[in-house]
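S.K.: Take this structure, written in structure tokens, and hold onto it; I'll ask about it next.
The values are calculated or read from the model by the stated rules, or taken from the named source; none is laboratory data. Everything quoted here is computed from the prediction, not taken from an experiment. No Cβ is skipped: glycine too gets one built from the backbone with ideal geometry, and neighbour counts run over all protein chains shown.
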Amino acid sequence: MATIITGTGSIIPHHIKSNQDFISNTFYDEQSELIKTPNQEIVEKFKGITGIMERRYADVQVNTSDLAAAAAKLAIEDAGIDPETIDQIIVAHNFGDVQNGTIQSDAVPAIASRVKHHLGIVNPSCVAYDILFGCPGWIQGVIQADSFIKSGMAKRCLVIGAETLSRVIDPHDRDSMIFSDGAGACIVEHSEDPKQGILSFSVQSHCNDEAGYLYMGKSYHPAADDATRYIKMKGRKVYEYAIKNVPIAMKACIEKAGVEIQEVKKFFLHQANEKMDEGFIKALYKLYDIKEIPSDIMPMSIHELGNSSVATIPTLYDLVKKGKYAEHALEKGDVVIFASVGAGMNINAICYRL
């Protein structure tokens, strides 16, 4: 028995927000002190570290649930299935629907319930629910789907990662330039072919000091309302934590799958920071005492799409599958790794054979 991905879909919002669009912002530090460094210098340094040049924001009338439903429709079409045969709809997000011009999260009813409504699915045995697991949420949703399928409790699941982070960012915080919007979805199904599908997974949660590395806090602007909260990040702490722990989790996943690292064709990593992702790969290969790393091992979408949290990996995987990045073409039998890290702090990885 195996669990395979039979269809994928992604939604890339049309509105492009370039780095130059932040030149007019007024940035403050964590102590609400005005940052006197010229904004052009701030933006250039940001690009050098993260690799981000552009990001996408959803249109004003579009919410997270709309992006999720649109990506889901594409995945359903790609899989060629009847949506009424879906046993579970699992939606990973962090803030629910946040209407443009507000900062209030809305997750009642659940985003998955809204997606089921948008899709017009009437089958009451199709169970719709959300998961909150930080940026690794989509991978965690796939892991849950795999567990339900292998236990015999489901045969077909729809897993979605969707977010509109542009609506929960502090315009006075330099870290706000990282975040973006988007949605990615996949259909996960039972298969009798034991040579393909999900070979293994690994999951970790570190919730002591690490629990506060990403949090909701007031704007850095000194005159900001204390009651209004935005997404905040202890960037250096997140980086140090991730560089230490993500490679270990990926190695554990590879070993559990019983494959050699040389068999891995591609690494689909959470698109949060180009330098950090490169660091993950270098650290992983170092654990195997391998110095020569294939130059085409890691597809990247962060340069033009930014960090859309739970949507980054399913979006990137769909774009590669659909030929958007020709240099990263995949073939049946290829082994790939999905891995992510985010608020919690949580880490997970999946070893998957196409």
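Yes/no matrix, rows are residues, columns are (1) of a type in the set (Lys, Arg); (2) modelled with pLDDT of 95 or more; (3) under 30 Å from residue 201 (Cα atoms):
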| position | (1), (2), (3) |
| --- | --- |
| 2 | no, no, yes |
| 6 | no, yes, yes |
| 19 | no, yes, no |
| 29 | no, no, no |
| 45 | yes, no, no |
| 49 | no, no, yes |
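Each row is one residue, and each column tells you yes or no for (1) in a loop (DSSP other than H, G, I, E, B); (2) within 18 Å of residue 256 (Cβ to Cβ); (3) at pLDDT below 95.
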| position | (1), (2), (3) |
| --- | --- |
| 195 | yes, yes, yes |
| 198 | no, yes, no |
| 201 | no, yes, no |
| 204 | no, yes, no |
| 216 | no, no, yes |
| 221 | yes, no, no |
| 224 | yes, no, yes |
| 227 | yes, no, yes |
| 230 | no, no, yes |
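S.K.: Would you please name the residue that is nearest to the chain's Cα centre (by Cα), looking only at residues in region 77-115 that are among the hydrophobic types (A, V, I, L, M, F, W, C) and surrounded by fewer than 20 Cβ atoms within 10 Å (Cβ to Cβ)?
M.R.: By that ranking, first place goes to 110.
S.K.: Shifting gears a bit: Considering only region 23-31, I want to know if a residue exists there that is assigned by TED's automatic domain parsing to the domain that holds residue 176 and within 23 Å of the chain's Cα centre (by Cα).
M.R.: Within region 23-31 (the criterion being assigned by TED's automatic domain parsing to the domain that holds residue 176 and within 23 Å of the chain's Cα centre (by Cα)), the answer is no, since none of the residues qualifies.
S.K.: Among the listed residues 139, 169, 187, 149, identify the single one that is surrounded by fewer than 24 Cβ atoms within 10 Å (Cβ to Cβ), β-branched (Val, Ile, Thr) and in contact with a strand residue (DSSP E or B) (Cβ under 7 Å, 6 or more places away or on another chain).
M.R.: Only one candidate qualifies: 169.
S.K.: Same structure, new question: Could you check region 262-278 and list, in sequence order, the residues that are surrounded by 17 or more Cβ atoms within 10 Å (Cβ to Cβ) and either more than 23 Å from residue 54 (Cα to Cα) or more than 16 Å from the chain's Cα centre (by Cα) (or both)?
M.R.: 264, 265, 266
S.K.: Find the residue count for region 126-159, including only residues that are assigned to a strand (DSSP E or B) and among the charged types (D, E, K, R).
M.R.: Total satisfying the criteria: 2.
S.K.: Additional query: Being on the phi > 0 side of the Ramachandran plot and free of Cβ contacts under 8 Å to residues at least 40 places away in the same chain narrows it down to one of 80, 182, 96, so name that one.
M.R.: From the options 80, 182, 96, the qualifying one is 96.
S.K.: Just for region 264-301: of the residues that are among the small types (Gly, Ala, Ser) and more than 24 Å from residue 180 (Cβ to Cβ), which one is modelled with the highest pLDDT?
M.R.: Applying the filter and picking the extreme gives 283.
S.K.: Hey, another quick one. Looking only at region 160-185, which residues are assigned to a strand (DSSP E or B) and under 27 Å from residue 88 (Cβ atoms)?
M.R.: Residues satisfying the conditions are 160, 161, 162, 163, 164, 181, 182, 183, 184, 185.
S.K.: Of the numbered conditions (1) under 19 Å from the mean Cα position of the chain (by Cα); (2) over 23 Å from residue 196 (Cβ atoms), residue 287 satisfies every one except a single condition; which is it?
M.R.: It fails just one condition, (1).
S.K.: Before we move on, is residue 305 within 22 Å of residue 163 (Cα to Cα), out of contact with any Cys (no Cβ under 6 Å at 6 or more places or on another chain) and either among the hydrophobic types (A, V, I, L, M, F, W, C) or in contact (Cβ under 8 Å) with a residue 60 or more places away in the chain (or both)?
M.R.: yes
S.K.: Additional query: Report those helices (runs of 4 or more DSSP H) wholly inside region 242-354 carrying at least 1 residues which are of a type in the set (Ser, Thr, Tyr) and out of contact with any helix residue (DSSP H, G or I) (no Cβ under 8 Å at 6 or more places or on another chain).
M.R.: The helices (runs of 4 or more DSSP H) meeting that bar are 312-321.
S.K.: So which residues in region 300-329 are in contact with a Leu (Cβ under 6 Å, 6 or more places away or on another chain) and either outside the structural domain of residue 278 (by TED's automatic domain parsing) or farther than 21 Å from residue 134 by Cβ (or both)?
M.R.: Passing the criteria: none in range.
S.K.: Tally time: how many residues in region 108-125 are part of a loop (DSSP other than H, G, I, E, B) and either touching a Phe, Trp or Tyr at 6+ places or on another chain (Cβ under 8 Å) or closer than 17 Å to residue 6 by Cβ (or both)?
M.R.: Number of matching residues: 1.
S.K.: If you scan region 190-221, which residues turn out to be under 22 Å from residue 28 (Cβ atoms), buried (at least 16 other Cβ atoms within 10 Å of the Cβ) and of a type in the set (Phe, Trp, Tyr)?
M.R.: Within region 190-221, 213, 220 qualify.
S.K.: Next question. Go through 327, 304, 255 for me and flag whichever is within 24 Å of residue 48 (Cβ to Cβ), surrounded by fewer than 23 Cβ atoms within 10 Å (Cβ to Cβ) and at pLDDT 95 or above.
M.R.: Only one candidate qualifies: 304.
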